[in-house]
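The values are calculated or read from the model by the stated rules, or taken from the named source; none is laboratory data. Because the structure is predicted, anything quoted here is derived from the model rather than measured. Don't worry about glycine lacking a Cβ; one is built from the backbone with ideal geometry, like all the others, and counts go over all protein chains shown.
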Amino acid sequence: MTMPPAVSRRELLKRLGLAGVGVLALPELSRVLSFRQQVLAQTSVLSQAESATLAAICARIIPTDDNGPGAAEAHAATYIERSLGGWLASSRETYTAGLSAIDQAARANGGRRFVELAAAQQDRVLASMEETPFFGLVRTHTIQGTFCDPAYGGNQNFVGWDLVGYPGVRLNVTAADQRMSEYAKPIRRSAYDYAMFANTMGASDAH
């Protein structure tokens, strides 16, 4: 679960189950077309303690190491919290129960709350719950929050795209790009910064 310092980007993708995937799939477009309004309107739906536990869990699922930033810097937990107030609202109770269960497991194994444990202890707690449905859920959402389009609230400063070498959305691919003779220059723009996507979003919101 925890990435060693020497892990390559390719190995990271394999361990996260993303090998061969260029762009992470997010929920169906019909479910997130009004996400701009949702993101702006949402405040935290978790308690302060729940938010802290969630952030600590995300930070251990994709940790910061010698390769660079991880889920913490990508603000994956922010993505999850905002989503729990929108398209993930049906998972709110699951998160309440799951975060509580992880804190209970932490106290049973280390005598303290999850956020108060050392990284190695946190890893042991998460490893003990790796086969539970909740761990699978939060793992999936952490991956989404790390590698999604920044407009969804995660992938802050494009750290997730940098981690996997994704250069960003391109509306025009040059001959040089197609030859792949060198790394494409990163484009630091959300897909929704482009008029063709923003206009589609606006038309959908109007209905």
Going through (1) aliphatic (A, V, I, L, M); (2) touching a strand residue (DSSP E or B) at 6+ places or on another chain (Cβ under 8 Å); (3) at positive phi one by one, M180 fails only at (2)
Is it the case that segment 170-177 has a residue that's assigned to a loop (DSSP other than H, G, I, E, B) and surrounded by 20 or more Cβ atoms within 10 Å (Cβ to Cβ)?
no
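Out of segment 142-168, which residues are in contact (Cβ under 8 Å) with a residue 24 or more places away in the chain and on the phi > 0 side of the Ramachandran plot? Write out each step before concluding.
Filtering segment 142-168 for residues in contact (Cβ under 8 Å) with a residue 24 or more places away in the chain gives 142-166.
Selection gives G153, N155, N157, F158, G165.
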Residues within segment 73-102 that are crowded, with 20+ Cβ neighbours inside 10 Å and either part of a helix (DSSP H, G or I) or in contact with a Pro (Cβ under 8 Å, 6 or more places away or on another chain) (or both), tallied
14
Contact list, first residue from segment 90-104 and more than 11 Å from M129 (Cα to Cα) and touching a residue at least 60 places away in the same chain (Cβ under 8 Å), second anywhere and among the β-branched types (V, I, T) and surrounded by fewer than 14 Cβ atoms within 10 Å (Cβ to Cβ), beta-carbon distance below 9 Å, six or more apart or interchain, is none
Residue pairs meeting the criteria (Cβ under 7 Å; at least 6 apart or on separate chains; first closer than 12 Å to L54 by Cα, in segment 130-141; second outside any helix (DSSP H, G or I))
F135/M129
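Take L13 and tell me if it is under 15 Å from T146 (Cα atoms), at pLDDT below 55, out of contact with any Cys (no Cβ under 8 Å at 6 or more places or on another chain) and assigned to a helix (DSSP H, G or I). Even if it seems obvious, please write down each step before you answer.
Values: under 15 Å from T146 (Cα atoms): yes; at pLDDT below 55: yes; out of contact with any Cys (no Cβ under 8 Å at 6 or more places or on another chain): yes; assigned to a helix (DSSP H, G or I): yes.
Considered against the rule, which asks whether it is under 15 Å from T146 (Cα atoms), at pLDDT below 55, out of contact with any Cys (no Cβ under 8 Å at 6 or more places or on another chain) and assigned to a helix (DSSP H, G or I), L13 comes out as yes.
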Search segment 112-125 for residues that are within 8 Å of A56 (Cβ to Cβ) and pair each with any residue that is surrounded by 15 or more Cβ atoms within 10 Å (Cβ to Cβ) and among the basic types (K, R) when their beta-carbon atoms are under 7 Å apart and the residues are at least 6 apart or on different chains.
Q122/R60
Among the residues of segment 168-193, what is the count of those that are touching a helix residue (DSSP H, G or I) at 6+ places or on another chain (Cβ under 6 Å) and among the hydrophobic types (A, V, I, L, M, F, W, C)?
3
Say whether the condition of being in contact with a helix residue (DSSP H, G or I) (Cβ under 8 Å, 6 or more places away or on another chain), in a loop (DSSP other than H, G, I, E, B) and crowded, with 23+ Cβ neighbours inside 10 Å is met by at least one residue in segment 157-167.
no
Would you check if T78 is without any contact (Cβ under 8 Å) to a residue 40 or more places away in the chain, within 19 Å of the chain's Cα centre (by Cα) and within 23 Å of F158 (Cβ to Cβ)?
no
